[in-house]
1. Could you tell me how far the Cα centroid of the stretch 105-136 sits from the Cα centroid of the stretch 140-159, in Å?
2. For a quick check: sort TYR181, TYR48 by the number of other beta carbons within 10 angstrom, fewest at the front.
3. With +1 assigned to the C-beta of every Lys and Arg and -1 to the C-beta of every Asp and Glu, and no other charges, what is the dipole magnitude of the stretch 106-208 about the Cα centre in debye, to the nearest 20?
4. If we sort 53-61, 70-78, 149-157 on the protection proxy, mean other Cβ atoms within 10 Å, highest first, what's the order?
5. Can you list residues from other chains, or at least 5 along the same chain, whose modelled amide H is less than 5 Å from the amide H of MET96?
6. Of the cross-linked pairs LYS152/LYS201; LYS43/LYS87; LYS32/LYS186; LYS125/LYS157; LYS43/LYS186, which ones have a Cα-Cα span greater than 29 Å in the structure shown?
7. Sticking with the crude label model, points 7 Å out along Cα→Cβ, report the distance from GLU86 to ALA177 in nm, one decimal please.
8. Take the stretch 82-208, compute every pairwise Cα distance, and split them into 10 Å bins from 0; I just need the percent in each bin.
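Just so it is clear, none of the values below were taken in a lab; they were calculated from the coordinates. This structure is a prediction, so every number in the text was calculated from the model and none was measured. Neighbour counts are summed over all protein chains in view; Cβ atoms, including those assigned to glycine, are modelled from backbone coordinates with ideal geometry.
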Amino acid sequence: MSDSMSRRLFAAATAGLVVSSTGEVMAMDEPKKEPPKGPTEAKFERDYKAPEFRPSWKRPQINRSLVQDFVIFAHSELPMVKKLIEKEPMLLNSVMDWGGGDWESGLGGASHMGRRDIVEFLIEKGARVDLFCAAMLGQIDVIRSLLTLQPKLIDAKGPHGISLHVHAAMGGKDSAAVLAYLQSVKKIDISDSPFVKMRAKMDANKTK
C-alpha cells in the first residue's frame, strides 16, 4: 500500500471528519471551530467511593506525544514503527485516546489501513490481537468462534467506529472469505467507505 495514500487517508479521517457506523468518513455539519493546541483531559469528579487500591506509580508513564507518534506511524510507516519500538518496547500495546474514548493502538491503526506488513511485525513482537485485526488477516475460524460466542459482536466497532466488515475488506483477497461470512451474518453496504475505495484503488494499481 502506498505510504502517502495511507497518510492522506488517516489525516482525512482525523481532521474535522467523523466515521459512520459502516466506516464511511463524512464531513461534519457543525461550524468550524478553532482546534485545541493539544489533547485536553475532560473534567472529572468522583460521585462514588474511590477504590481502596492505590497504585504505586513506581515508574513514569510513557510520554503521551511518543504514544501519539507511534500510533500515527503505525498506520503507514513500518520503518518508523520499528525505530520507535526499538526506542521504547512498551509502546507495543500502548493506546491513544483521540477524544471521547476513541481508543486506538498501533495494531488497530495498521489493521484498518490494511497494512499486513506492519500488523505482522507488531504481532511478532507480541501485540495483543483483537477481532478487528483477525478480520483483516482473514482468520475466519477466529471470527466465527467469537461471533458464535457473542453474536452481537457483528456490530462491534473498532477505532474511529470502523466496522468489522470494513476491516475484512481491507485485507483484500486474503480476507475475502471473512468478508463474505460477515455479509452472510449481516449485510452492510461498505462500497462508499473511503478505506474500501482506497483498497480497491491499490488492488487495481497492482494489476496494471
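1. 16
2. Values: TYR181 16, TYR48 5.
Listing TYR181, TYR48 from fewest to most nearby Cβ atoms yields TYR48, TYR181.
3. Details: 15 positive and 10 negative charges, 42 e Å.
The dipole of the stretch 106-208 has a size of about 200 debye.
4. Numbers: 53-61: 6.4, 70-78: 22.7, 149-157: 12.1.
The most tightly packed comes first, giving 70-78, 149-157, 53-61.
5. Counting only residues 5 or more places away or on other chains, the set is GLU104, SER105.
6. Details: LYS152/LYS201 32 Å; LYS43/LYS87 33 Å; LYS32/LYS186 36 Å; LYS125/LYS157 25 Å; LYS43/LYS186 39 Å.
Cα-Cα > 29 Å for LYS152/LYS201; LYS43/LYS87; LYS32/LYS186; LYS43/LYS186; rest within.
7. Between GLU86 and ALA177, the label points sit 3.7 nm apart.
8. 13, 43, 34, 10, 0
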